[in-house]
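Participant: Below you'll find the structure I mean.
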Amino acid sequence: MTVNLNSKISDLDGVGPSYLKKLEKLGINTIRDLLFYFPRRWDDFSKITPISNIKVGEAVSVKGVIWEINTKKSRKGTPVTEAIITDDTGTCKAVWFNQPWLEKSLEKGEEIFLAGTLEFSFTGASFVSPVFEKVHEEGTIEDLRHVGKIIPVYSETDGLNSKWLRQKIAGLAKLVYGIKDHLPESVKDDLDLIELSAAIRTMHYPENFDELKKAQKRMFYDNFFCLFCAVLSNKKETEKNKSIVIDYDEKIGKEFVESLEFTLTDSQRKSAWQILKDISRTYPMNRLLEGDVGSGKTVVCAMPALMVAKKGYQTVILAPTEILARQHFESFKKLLGKFEIKIDLFIGAQKESEKKEILKNLKEGETQIIIGTHALLSPDIKFWTLGLVVVDEQHRFGVEQREVLKKINENGITPHFLSMSATPIPRTLAITVFGDLEISTLTEMPQGREKVSTFLIAPEKRRDGYKFIDEQIEKGRQVFVICPLVSASDKLGVKSAEEEAKRLSEGIFKHRKVGLVHGRLKTEEKEKVMKDYKDGKIDILVSTSVIEVGIDIPNANIMLIEGAERFGLAQLHQFRGRVGRGEHKSYCFLFTDSDSEITMARLDALLKSENGFELAERDLEIRGPGELLGIKQSGKIDDTLLEAIKNPDSIHKIRDVAEKYLSGNNISENQILLEKVAEFSTAAKLE
């Protein structure tokens, strides 16, 4: 059957129901998908090495004659096929497991190419599961697919290996030239890129590594050019919208700063001024305010909220949890208490009569600042005129949820939009993903914030740790204990908050007051526990990650984290930021039963660094962008973003070229480029 680029993968010869399921698992549904399924690495088997010259640990190709081949069973009953290969210089052994059919496929006296790495095993020095290809009289080395050249190795799945993929892709090589190049000639010239068809062919079958580098550059630059076109086009569209102009009132600004009980840091002043300038424009602000744990983002967003209120418009503060929403409510009342601003809290657990009254005040414009959770996204919510939207921990809200608030005004006016994140984002990643936002960064900590001393506690030192904690409680301090799970799980074998609270309260800390809070508790239960903790009625609060953000208990000076290996570095840093907020020396204790090198290396990074940006970058390398940004994992986007971190200079260059192209061209007139750009729309809308 003749196939084309748009043919289903099931139309390809040799692809039955079994292979179809495996290919779909790899995201391959069409012939085009298969051609764009690029290798994860390339093995250099281009040089044929005499058998006498091969060394243990070296990846090589050899050409020889099968001197002997037979299959026997190991002690465990596994079929083991062994072959002795010889050339003019010597002999070597090849071993394959669970492939007894090879004894019939490869015959004594046949000439073959063999490619792999010579290694020691229980059978001695041998090639273990090498790739092979028979030598045909009429064939040349150029006709080889699996040995004798630079060989592509693909990400595989059970029952579908690189050899199978190479065979299928080789038979489709001519179709590559039917793929239209979506990049304009001017862009390819500016970035010095080869044609798309040549790049795709070379990615699968490179003649040499210089050509491969050119192909990799084309695909890398291609992805980022399209991503930047997406984010910059999005920014251009945003700037077409109309917003409310909120002019800066110097008198109010001065009164606000003078009313504070502390001095603003330089980066707080700078970030606040950037936001205030943005909201004075005729098009909506779209800004990200990022800062380390405890860097003072709340006070920065309070000033523009005050300006919006004094101009007669409304602000909504959206938080991911009720605990954080309450924290913001208390903070805003304290920060703006002298300015006669009506601030309301709206969460799911409130009485219906209370909600009804708040909604009435909101619709009539009496409520000037409303703070709440997802409950504020209800279609029942009507604003008088919303001037500013602030989304805290923005990565915890979906794109669609945030869009609801952007379009909530019935008069067509788009509110100004401010995202906040306490998870510092590496600069290159921020430029890439949040390319349609302006970015403000809080780089300093407020005065009085002491460094939190962090320790990795060995299992045998646990009791010493508890003794120290008890001494701190005796001095009047309080403790957080974080567990990975709410309830016990035999499968995972890690501590849960429920069982840990029970163990501590009935055991070593039975003379102390132990509290428990987690996401499954009813709102009123959580509120009571948090109030008791804040009032000093609880000595030790056992919790899950529900207290990761938004908790400000100055008297708490110890953070104890169970199963520390189960959290990302950025998240551990967030936990650590819950202490060190008062006048007392603070500590973070990491407990883990894992002794793996990877775990130790990760946790050691936390011990050595207080810099959230450094830790976020390390977290990105380990866990990927999806974990850091709160997005659904996507192989295409994840891989693309990880490459960004490794190539910051290239990223800036590509962005400049994208801006140049968009400034002089209407992208909607280039249909194939537009379709390619649409593939990156998920990343482009992560504002």
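The values are calculated or read from the model by the stated rules, or taken from the named source; none is laboratory data. This structure is a prediction, so every number in the text was calculated from the model and none was measured. Glycine also receives a Cβ, built like all others from the backbone with ideal geometry; neighbour counts cover every protein chain displayed. We work out accessible area using only protein heavy atoms, side chains counted, and drop any ligands, DNA or RNA first. Shrake-Rupley method; radii C 1.70, N 1.55, O 1.52, S 1.80 Å.
Participant: I'd like the residue in the stretch 486-500 that is surrounded by 20 or more Cβ atoms within 10 Å (Cβ to Cβ) and not in a helix (DSSP H, G or I) and, out of all such residues, is modelled with the lowest pLDDT.
Facilitator: In this case the residue turns out to be Lys495.
Participant: Follow-up question, since we're still on this one. Pull out all pairs, ordered by first then second residue, where Cβ-Cβ is under 8 Å, the residues are six or more apart or on different chains, the first lies in the stretch 268-279 and is within 15 Å of Gly296 (Cα to Cα), and the second is open to solvent by 40 Å² or more (accessible area, probe 1.4 Å) and assigned to a loop (DSSP other than H, G, I, E, B).
Facilitator: Gln268/Glu444
Participant: Then there's this: Could you tell me whether Ser155 is open to solvent by less than 40 Å² (accessible area, probe 1.4 Å) and either modelled with pLDDT of 85 or more or over 30 Å from Leu674 (Cβ atoms) (or both)?
Facilitator: Against the criterion (open to solvent by less than 40 Å² (accessible area, probe 1.4 Å) and either modelled with pLDDT of 85 or more or over 30 Å from Leu674 (Cβ atoms) (or both)), Ser155 does not qualify.
Participant: What about Val433, is it at pLDDT 85 or above and of a type outside the set (Gly, Ala, Ser)?
Facilitator: No; evaluated as a whole, the condition is false for this residue.
Participant: Mind listing whichever residues of the stretch 31-51 are at pLDDT below 90, open to solvent by 50 Å² or more (accessible area, probe 1.4 Å) and not basic (Lys, Arg)?
Facilitator: Within the stretch 31-51, Asp44, Ser46, Ile48 qualify.
Participant: Could you check the stretch 660-671 and list, in sequence order, the residues that are farther than 16 Å from Asn234 by Cβ and either open to solvent by 70 Å² or more (accessible area, probe 1.4 Å) or touching a residue at least 24 places away in the same chain (Cβ under 8 Å) (or both)?
Facilitator: Selection gives Lys660, Asn665, Glu669, Asn670, Gln671.
Participant: Restricting attention to the stretch 56-86, which residues are of a type in the set (Asp, Glu) and open to solvent by 40 Å² or more (accessible area, probe 1.4 Å)?
Facilitator: Scanning the stretch 56-86 gives Glu58, Glu68.
Participant: Go through the stretch 464-474 residue by residue and tally those that are under 23 Å from Asp604 (Cβ atoms) and either open to solvent by 40 Å² or more (accessible area, probe 1.4 Å) or more than 37 Å from the chain's Cα centre (by Cα) (or both).
Facilitator: 2
Participant: With Leu118, Leu114 as the choices, which residue is open to solvent by 10 Å² or more (accessible area, probe 1.4 Å), assigned to a strand (DSSP E or B) and under 21 Å from Ile151 (Cβ atoms)?
Facilitator: Among Leu118, Leu114, only Leu118 is open to solvent by 10 Å² or more (accessible area, probe 1.4 Å), assigned to a strand (DSSP E or B) and under 21 Å from Ile151 (Cβ atoms).
Participant: Just to check your reading of the model, which residue among Leu628, Leu642, Leu674, Leu686 is at pLDDT 85 or above and either under 30 Å from His182 (Cα atoms) or open to solvent by less than 60 Å² (accessible area, probe 1.4 Å) (or both)?
Facilitator: Result: Leu674 is the single residue among Leu628, Leu642, Leu674, Leu686 that is at pLDDT 85 or above and either under 30 Å from His182 (Cα atoms) or open to solvent by less than 60 Å² (accessible area, probe 1.4 Å) (or both).
Participant: To continue, here is another question. Could you list, in sequence order, the residues of the stretch 207-242 that are of a type outside the set (D, E, K, R), open to solvent by 50 Å² or more (accessible area, probe 1.4 Å), in a helix (DSSP H, G or I) and touching a residue at least 60 places away in the same chain (Cβ under 8 Å)?
Facilitator: Phe209
Participant: If you don't mind, another one. Considering Arg402, Arg427, which residue is open to solvent by 60 Å² or more (accessible area, probe 1.4 Å), at pLDDT below 85 and closer than 30 Å to Phe225 by Cβ?
Facilitator: Among Arg402, Arg427, only Arg427 is open to solvent by 60 Å² or more (accessible area, probe 1.4 Å), at pLDDT below 85 and closer than 30 Å to Phe225 by Cβ.
Participant: Determine which single condition Leu376 fails, assuming it passes every other condition in (1) part of a helix (DSSP H, G or I); (2) open to solvent by 50 Å² or more (accessible area, probe 1.4 Å); (3) touching a helix residue (DSSP H, G or I) at 6+ places or on another chain (Cβ under 9 Å); (4) not hydroxyl-bearing (Ser, Thr, Tyr).
Facilitator: (2)
Participant: Another one. Tell me yes or no: at least one residue of the stretch 19-36 is touching a residue at least 40 places away in the same chain (Cβ under 8 Å), of a type in the set (Phe, Trp, Tyr) and closer than 25 Å to Glu207 by Cα.
Facilitator: There is at least one residue in the stretch 19-36 that is touching a residue at least 40 places away in the same chain (Cβ under 8 Å), of a type in the set (Phe, Trp, Tyr) and closer than 25 Å to Glu207 by Cα.
Participant: Same structure, new question: Working only within the stretch 190-206, note down all residues that are touching a residue at least 40 places away in the same chain (Cβ under 8 Å) and among the aliphatic types (A, V, I, L, M).
Facilitator: Leu191, Ile200, Met203
Participant: In addition: Somewhere in the stretch 436-455, is a residue outside any helix (DSSP H, G or I), within 19 Å of Ser271 (Cβ to Cβ), within 20 Å of the chain's Cα centre (by Cα) and at pLDDT below 70?
Facilitator: Looking through the stretch 436-455, at least one residue is outside any helix (DSSP H, G or I), within 19 Å of Ser271 (Cβ to Cβ), within 20 Å of the chain's Cα centre (by Cα) and at pLDDT below 70.
Participant: Moving on to the next point. Determine if the stretch 338-351 includes at least one residue that is free of Cβ contacts under 8 Å to residues at least 24 places away in the same chain, more than 20 Å from Asp249 (Cα to Cα) and not polar (S, T, N, Q).
Facilitator: yes
Participant: Being of a type in the set (Ser, Thr, Tyr) and modelled with pLDDT of 95 or more is the requirement here; does Thr367 meet it?
Facilitator: Yes; evaluated as a whole, the condition is true for this residue.
Participant: Further, regarding this structure: Just to be sure I understand, how many residues within the stretch 4-18 are farther than 24 Å from Lys180 by Cα and either among the β-branched types (Val, Ile, Thr) or buried (at least 18 other Cβ atoms within 10 Å of the Cβ) (or both)?
Facilitator: Filtering the stretch 4-18 for residues farther than 24 Å from Lys180 by Cα gives 13-18.
With the extra rule that they be either among the β-branched types (Val, Ile, Thr) or buried (at least 18 other Cβ atoms within 10 Å of the Cβ) (or both), the set shrinks to 15.
The qualifying residues number 1.
Participant: OK, next. Hey, can you tell me all the residues within the stretch 130-152 that are at pLDDT below 85 and in a loop (DSSP other than H, G, I, E, B)?
Facilitator: Within the stretch 130-152, Val135, His136, Glu137, Glu138, Gly139, Thr140, Leu144, Arg145, His146, Val147, Gly148, Lys149 qualify.
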